[in-house]
Each structure stands twice: as C-alpha cells, then as structure tokens.
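Asker: Take this structure first; my questions come after.
The values are calculated or read from the model by the stated rules, or taken from the named source; none is laboratory data. Remember, it's a predicted structure, so these values are computed and weren't measured experimentally. With ideal geometry, Cβ positions are generated from the backbone for all residues, glycine too; neighbour counts draw on all protein chains shown. Note: areas computed on protein heavy atoms with side chains; ligands, DNA, RNA excluded. Shrake-Rupley method; radii C 1.70, N 1.55, O 1.52, S 1.80 Å.
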Amino acid sequence: MNSKTNQNITVGVDTGKFQLDIYIRPLDIFFTVTNDEKGIKEAVKTIKKHQPNRIVIEATGRLEMPFIVACAEAHLPFVIANPIHIKRFAGAIGQKAKTDKLDAQLIA
C-alpha cells in the first residue's frame, strides 16, 4: 500500500514490439516508453517512485522478457498474465473498444 494514497497501487503494462503502454491505477497515470533498454529503464524509474503492490504484464511471446528482467533486478513485484484471461475479463465487463491505453488500464 502506498502511504501517500492509502490505496494499493497496481501497474498494467501492455507490451508491443516497439513500445510499452503503462497505466498506474488508481492514480490514473498513463505513459508510453519504447520497448528497448532506454525506455524500460525510464519506465522502471517512474514505476518505482509509486511503490506498486504489483505490476501486471501480459505474456506476449517473449516481448515482455526484458521488462520483466528489469523489474526483477529493481525488486519490483510483477505478475505475468495469461492473455486469454485478460481477453475473457474484457468480455465479462463489456469492454469492446481496444486501444493501447485501454488495454493497459484493463491489465491494471
């Protein structure tokens, strides 16, 4: 729990080949970084400031691995989510629209 907000902070990461779309819930912070060493380093630095309880990232066939390794090295708690579960959850809550920002929010 983040002592500033008295709420659990959860980060959702939508992974793409060239970028990471990141949403921090409940702070309603959204940002995008490149999916390379520089972008991942920037993302980890920003995420760490908010002391998240968990970072949820969708398994994407290994595109997520550099980010996961960086989280592990920074001692950030992460969970790798099954894409089928995320898709089913989106259907269950009636989310039909699909953008990178909405995906990151959904994952969080």
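Asker: Which net charge results for the neighbourhood of residue 10, defined as the other residues with beta-carbon distances under 10 angstrom from its beta-carbon, given Lys and Arg at +1 and Asp and Glu at -1?
Answerer: The answer is +2.
Asker: With a cut-off of at most 15 other beta carbons within 10 Å, and DSSP calling the residue loop, which chymotrypsin sites (Phe, Trp or Tyr not before Pro) in region 17-69 qualify? Please list them.
Answerer: Taking region 17-69 and a limit of 15 other Cβ atoms within 10 Å, the loop chymotrypsin sites (Phe, Trp or Tyr not before Pro) found are 18.
Asker: Now for a separate question. Just the ratio, please: alpha-carbon radius of gyration of the chain over 2.2 N^0.38 Å, N its number of residues.
Answerer: That ratio works out to 1.00.
Asker: What's the lysine pair count for region 1-77 at a Cα cut-off below 21 Å, pairs eight or more apart or interchain?
Answerer: Qualifying lysine pairs in region 1-77: 9.
Asker: Evaluate the distance, in nm, between pseudo-label points positioned 7 Å from the Cα of residue 84 and of residue 99 along their respective Cα→Cβ axes.
Answerer: 3.0
Asker: Going by amide H atoms built from the backbone, whose H comes under 5 Å of the H on residue 81, apart from near neighbours?
Answerer: Under 5 Å from the amide H of residue 81 lie the amide H atoms of 57, 58, 59, each far enough along the sequence or on another chain.
Asker: Want the number for residue 42 to residue 7: 0.36 nm per residue separation, take away the alpha-carbon distance, what's left?
Answerer: Full extension of this stretch gives 10.2 nm more.
Asker: Given a cut-off of under 8 Å on Cα pairs at least six residues apart, what relative contact order in percent is computed for the chain?
Answerer: Worked out over the chain, it gives 32 percent.
Asker: Could I ask something else about it? Can you order the peptides 74-86, 35-47 by their average number of other Cβ atoms within 10 Å per residue, highest first?
Answerer: Per-residue mean Cβ counts within 10 Å order the peptides as 35-47, 74-86.
Asker: Here's something else I'd like to know. Could you give the dipole magnitude of the chain about its Cα centre, charging the beta-carbon of Lys and Arg +1 and that of Asp and Glu -1, in debye to the nearest 20?
Answerer: Computed about the Cα centre, the dipole is about 220 debye.
Asker: With n ≥ 4 as the cut-off for DSSP H runs, can you work out [θ] at 222 nm for the chain, using -39500 (n - 2.57) per run divided by the number of residues, rounded to the nearest 500?
Answerer: Value at 222 nm, helices only: -11000 deg cm²/dmol.
Asker: Spin-label point model (7 Å from Cα, Cβ direction): what's the residue 32 to residue 49 distance in nm?
Answerer: Placing both labels 7 Å along Cα→Cβ, they lie 2.0 nm apart.
Asker: Please report, as a whole percent, how much of the solvent-accessible surface of region 41-107 comes from carbon and sulfur atoms (probe radius 1.4 Å).
Answerer: So the carbon and sulfur contribution to the accessible surface is 58 percent.
Asker: A further question follows. Mind checking the per residue accessible area of the chain for me, 1.4 Å probe, whole number of Å²?
Answerer: Normalised by residue count, the accessible surface of the chain is 60 Å².
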